[in-house]
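First the structure, in the form of structure tokens, and then the observations on it.
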Amino acid sequence: MVQIFIASISGFLSLHFFNILPPYWYLLLLTVSGIIIFIVYRNVIVICFSLAILWAVFDANQYINDIDSIQKNRSNIIIDVSISTLFNENIPTENFEVRVLNRSSPNVDFVFPLRLMVLWEDAPPLKQGQIWRLPVRLSRIVGRVNQAGFDVEQYALSRSIHGRAIVLTGKSVLPTRLSSSISLRQQWLDKITPLLKNTRNQSYLTALTFGLRDGLEAQDWIYLRDSGLAHLLAISGLHIGLAMLVGWWLGYLLRLCLPQTQYWLWLPLLCGLVFAFGYAWLAGFGLPTIRALLMCLIVGALRLSAIYWLSWQVLLVTLGLCLLWDPFVSYSAGFWLSFGAVIIFLVMIMAENSSTVVALPWSQRCYQRLKYLCKVQGYLLLLMLPIQWWWFGGVSLAAPLTNVVAVPWISMITVPLVLIGVITPWWPWLSSWCWLIADFSLIPVLKIAAWSQGAWMMLPASITPWLGLIAMITVSWQFLPLVYFRWFYTSIVFLLFSWRWDGHKSPQWTLSVLDVGHGLAILIEKQQRIFIYDTGNAWDENSIAKSVITPILAYKGISAIDGLVLSHADSDHAGGSDYLLQRYQPLDKYSSDQREGFSECVMGQIWQWQGLEFSVKWPPKSTQRATNSDSCVIRIQAINGKGPSVLLTGDIDAKSELVMLTQAQDWQADILVVPHHGSRTSSTQTLLDAIQPSLAMVSIGYFNPWGLPSAVIKKRYQANNIDWISTQDSGQLTVTINANGYNLKQQRYDYSRAWFRPQWLAKQ
């Protein structure tokens with residue numbers, strides 16, 4: 001059994017290593033080879049491995065085929081959908097998930113039901129389970145692909161979402177509700193919601209009960225992240241275990257009241273499983289709840305059949321079944337965090353010698369248990385470091401301390417009250433009291449979370465080997481004692497001291513045009529120092545500066561910005577400036593409009609930074625509010641004049657280009673950031689003749705409403721033998737420049753290539 005599940009798990013996870021999906025004939029050949037090996041050697045490893053890959057690739061191909069059933073360009077169609085998202089009537093939301101039932105448009109052919117993320121502004125009250133006929137603008141999912149930051153394409157895969165849809169209102173065809181029936185889970189939430197109306201922490205209680213976290217605001221997530229308590233204030237595997245324990249005790253008490261016969265022997269276990277299943281159902285069968293529920297079901301089946309398995313065997317089977325049910329679940333952070341934490345607990349249990357603790361006096365036993373609890377938190381912090389860095393780019397330093405207090409408090413007080421409150425809505429007086437007490441029980445936990453603000457530490461990519469080394473030594477220390485394995489640890493120390501840091505200064509520098517959708521944000525980097533040209537857009541409480549630039553800087557291990565240039569005042573170029581100014585407080589600030597604390601970015605101005613010379617070519621004077629024509633145009637090159645040069649152009653228009661080129665200056669540049677995102681109002685032939693670039697980089701979003709870049713402008717660059725590279729096709733563009741030339745890397749194709757990326761994007 002162990003071989004079967006290890007081989008199967010390896011097969012499912014091999015999906016992560018495919019840039020393109022292998023053909024079926026190759027997998028069938030591998031399966032036939034596995035069958036032959038099984039017949040000859042009675043070894044099941046190869047056949048289980050091949051069958052797992054075959055299943056995973058089949059699911060992956062089906063996912064891609066479903067996406068291909070959506071037109072490449074946005075199309076207006078009418079679809080019938082069933083709403084999948086749970087709605088809290090007190091928390092308005094414009095984004096929700098749906099399942100496509102059929103299509104009412106003749107030009108659409110969906111082979112299998114699709115799952116879509118829908119945006120509906122000013123939507124009427126919606127409920128899970130309702131069926132609507134919606135006129136929508138349907139599109140495939142194309143996300144921003146950068147060195148760091150949120151990956152919407154991978155997120156969509158982890159949730160099996162195939163596309164986006166924007167509901168069209170005010171048109172000839174209006175949205176129509178076809179069915180008013182709502183799901184039982186939605187009905188249960190609607191019955192609970194009035195009971196939570198007067199509670200202070202309604203959003204947290206809703207998250208603990210139904211897994212609905214829409215009510216948590218941005219500051220709440222910061223508190224939970226910094227304190228390391230996000231896993232507690234959402235339905236996790238621990239809560240499912242507690243639900244099973246509550247059900248077991250109720251079943252045990254019920255069995256005492258019934259005739260003592262063998263018919264009721266397994267009543268506690270069955271009641272526990274019913275409670276666990278019910279709580280997982282309320283939570284919408286999220287990954288942590290499925291993992292815990294499967295473990296409960298496996299343990300229950302083992303008890304009923306009188307079969308004994310070790311804990312790690314139960315975990316192995318659970319892991320295999322989760323991947324068999326949904327091979328894409330391994331593309332979510334919850335998968336690795338959930339199973340990673342359980343594996344660490346098992347390692348701790350295997351390393352702990354509990355037999356000696358039992359013989360100690362009660363006071364020493366309590367001390368040992370407390371010591372063991374602190375030890376577990378320390379191990380969780382160290383061993384979860386690689387996983388947390390990979391998914392979140394950092395770690396909460398306060399997590400060990402906050403979890404020691406919050407885990408038993410939430411587990412023993414809040415969750416039982418929540419369980420009683422959720423199963424007793426037909427007795428409002430009892431349910432209301434439970435919710436009220438549960439609400440008060442959250443106050444100290446949330447105080448601890450607020451106190452921990454600022455305890456989140458971002459970790460750069462350069463320490464990745466150290467994280468792996470820490471995890472390896474932490475595990476080895478338990479099973480390979482120092483007294484017997486001195487040679488092992490001596491070799492590690494020798495390797496560490498043999499590791500020489502490259503301390504010499506490199507003359508090369510990099511220019512990164514970030515993938516920010518429609519907008520512009522450029523990082524100029526040398527010797528771990530950063531100068532930023534434009535900041536991208538901002539919206540609501542978020543911005544490109546917060547969601548893209550900050551994660552990339554943290555990934556690089558950069559905590560300060562030397563300088564900031566704002567080409568002009570439009571939001572898609574300067575929207576994130578306030579955030580960057582507040583967080584990083586750059587010393588050198590330049591702008592072509594008159595901003596407090598900024599130096600004027602005007603023609604003829606020159607400054608030097610890290611061996612590079614910044615020469616401003618336009619505008620001739622600053623304005624109160626700089627528009628496209630006033631964009632700050634800067635030429636960058638090494639001070640000694642060696643190596644390629646770069647021209648940053650903002651959104652300068654054709655008229656300004658022609659006036660600018662009348663100045664007697666050096667206009668030649670090897671690399672050009674295309675003006676105004678490739679619109680027809682810029683990039684005149686005169687400009688290209690004067691600059692004579694070999695590479696043109698344009699920052700643009702794929703589904704922008706202006707149809708940029710202009711096909712005419714793109715052909716103009718190509719007709720001049722200029723390489724045209726776009727962020728909409730290639731993701732983040734990084735050019736490494738030295739005295740001998742430059743090297744271009746495209747994030748989507750050189751670093752983040754994967755089978756689920758949109759293969760239909762044109763690589764130029």
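The values are calculated or read from the model by the stated rules, or taken from the named source; none is laboratory data. All figures in this text were calculated on a predicted structure; none of them were measured in a lab. Note: ideal-geometry Cβ built from the backbone for every residue, glycine included; neighbour counts use all protein chains shown.
Might you check whether a residue that is more than 25 Å from the chain's Cα centre (by Cα), crowded, with 19+ Cβ neighbours inside 10 Å and modelled with pLDDT of 90 or more occurs anywhere in segment 533-544?
yes
Could you go through segment 197-205 and let me know if any residue there is among the hydrophobic types (A, V, I, L, M, F, W, C) and not assigned by TED's automatic domain parsing to the domain that holds K447.
For segment 197-205, residues among the hydrophobic types (A, V, I, L, M, F, W, C) and not assigned by TED's automatic domain parsing to the domain that holds K447: absent.
Within segment 252-265, is there a residue that is touching a Phe, Trp or Tyr at 6+ places or on another chain (Cβ under 9 Å) and either within 26 Å of L208 (Cα to Cα) or not assigned by TED's automatic domain parsing to the domain that holds S305 (or both)?
Among the residues of segment 252-265, not one is touching a Phe, Trp or Tyr at 6+ places or on another chain (Cβ under 9 Å) and either within 26 Å of L208 (Cα to Cα) or not assigned by TED's automatic domain parsing to the domain that holds S305 (or both), which makes the answer no.
Of all the residues that make up segment 743-756, how many are within 19 Å of S694 (Cα to Cα) and crowded, with 20+ Cβ neighbours inside 10 Å?
1
Just to be sure, is T623 touching a Leu at 6+ places or on another chain (Cβ under 9 Å), assigned by TED's automatic domain parsing to the domain that holds I558 and among the polar types (S, T, N, Q)?
Details: touching a Leu at 6+ places or on another chain (Cβ under 9 Å): no; assigned by TED's automatic domain parsing to the domain that holds I558: yes; among the polar types (S, T, N, Q): yes.
Spelling it out, it is not the case that T623 is touching a Leu at 6+ places or on another chain (Cβ under 9 Å), assigned by TED's automatic domain parsing to the domain that holds I558 and among the polar types (S, T, N, Q).
For segment 595-613, how many residues meet the condition of being within 39 Å of the chain's Cα centre (by Cα), without any contact (Cβ under 8 Å) to a residue 24 or more places away in the chain and in a strand (DSSP E or B)?
Counting residues in segment 595-613 that are within 39 Å of the chain's Cα centre (by Cα), without any contact (Cβ under 8 Å) to a residue 24 or more places away in the chain and in a strand (DSSP E or B) gives 3.
Of the residues V673, V712, only one is closer than 24 Å to V145 by Cβ and of a type in the set (A, V, I, L, M, F, W, C); which?
V673
How about segment 55-100: which of its residues are under 22 Å from A283 (Cβ atoms), modelled with pLDDT under 90 and in contact with an Asp or Glu (Cβ under 6 Å, 6 or more places away or on another chain)?
The answer is I91, T93.
For segment 1-60, which positions are more than 26 Å from S160 (Cβ to Cβ), among the hydrophobic types (A, V, I, L, M, F, W, C) and crowded, with 20+ Cβ neighbours inside 10 Å?
I47
If I filter segment 164-173 for residues that are buried (at least 21 other Cβ atoms within 10 Å of the Cβ) and under 19 Å from the mean Cα position of the chain (by Cα), do I get at least one hit?
Yes, there is a match, as at least one residue in segment 164-173 is buried (at least 21 other Cβ atoms within 10 Å of the Cβ) and under 19 Å from the mean Cα position of the chain (by Cα).
Can you spot a residue in segment 10-27 that is over 23 Å from R115 (Cβ atoms), of a type in the set (A, V, I, L, M) and at pLDDT below 90?
Among the residues of segment 10-27, at least one is over 23 Å from R115 (Cβ atoms), of a type in the set (A, V, I, L, M) and at pLDDT below 90, which makes the answer yes.
Would it be correct to say that I70 is in contact (Cβ under 8 Å) with a residue 60 or more places away in the chain, surrounded by fewer than 17 Cβ atoms within 10 Å (Cβ to Cβ), hydrophobic (A, V, I, L, M, F, W, C) and at negative phi?
no
Find the helices (runs of 4 or more DSSP H) located wholly in segment 501-584 whose residues include 2 or more that are assigned by TED's automatic domain parsing to the domain that holds S730 and over 26 Å from P620 (Cβ atoms), and list them.
By residue number, 550-556, 577-584.
Going by the conditions given, is A123 among the hydrophobic types (A, V, I, L, M, F, W, C) and either part of a strand (DSSP E or B) or within 30 Å of L216 (Cβ to Cβ) (or both)? It would help to see each step written out before you state the result.
Numbers: among the hydrophobic types (A, V, I, L, M, F, W, C): yes; either part of a strand (DSSP E or B) or within 30 Å of L216 (Cβ to Cβ) (or both): yes.
Taking the combined requirement at face value, the residue satisfies it.
I need the full set of residues from segment 635-655 which are part of a helix (DSSP H, G or I) and more than 10 Å from H676 (Cβ to Cβ), in order please.
Within segment 635-655, just K655 meets the criteria.
From the list D653, D670, exactly one residue is without any contact (Cβ under 8 Å) to a residue 60 or more places away in the chain, surrounded by fewer than 23 Cβ atoms within 10 Å (Cβ to Cβ) and assigned by TED's automatic domain parsing to the domain that holds T535. Which is it?
Every option except D653 fails the conditions.
Name the residues in segment 690-714 that are modelled with pLDDT of 95 or more and farther than 15 Å from P675 by Cα, would you?
S694
Can you find a residue that is over 20 Å from I544 (Cβ atoms), hydroxyl-bearing (S, T, Y), touching a strand residue (DSSP E or B) at 6+ places or on another chain (Cβ under 7 Å) and surrounded by 15 or more Cβ atoms within 10 Å (Cβ to Cβ) anywhere in segment 571-591?
no
Can you tell me which residue in segment 285-340 is modelled with the lowest pLDDT, limited to those that are under 20 Å from the mean Cα position of the chain (by Cα) and not in a helix (DSSP H, G or I)?
Only one residue tops the list, namely G286.
Looking only at segment 109-122, filter to residues that are more than 25 Å from A754 (Cβ to Cβ) and surrounded by fewer than 18 Cβ atoms within 10 Å (Cβ to Cβ); which one of those is modelled with the highest pLDDT? Show your work before the answer.
Step one: list which residues in segment 109-122 are more than 25 Å from A754 (Cβ to Cβ), which gives 109, 118-122.
When the remaining residues are screened for being surrounded by fewer than 18 Cβ atoms within 10 Å (Cβ to Cβ), the result is 109, 119, 121-122.
On the way: D109: 47, L119: 94, E121: 89, D122: 86.
Looking at residues that are more than 25 Å from A754 (Cβ to Cβ) and surrounded by fewer than 18 Cβ atoms within 10 Å (Cβ to Cβ), I get L119.
Only one residue in L205, L229, L216 is touching a helix residue (DSSP H, G or I) at 6+ places or on another chain (Cβ under 8 Å), of a type outside the set (D, E) and assigned to a helix (DSSP H, G or I), so which one is that?
Just one listed residue meets the conditions, L205.
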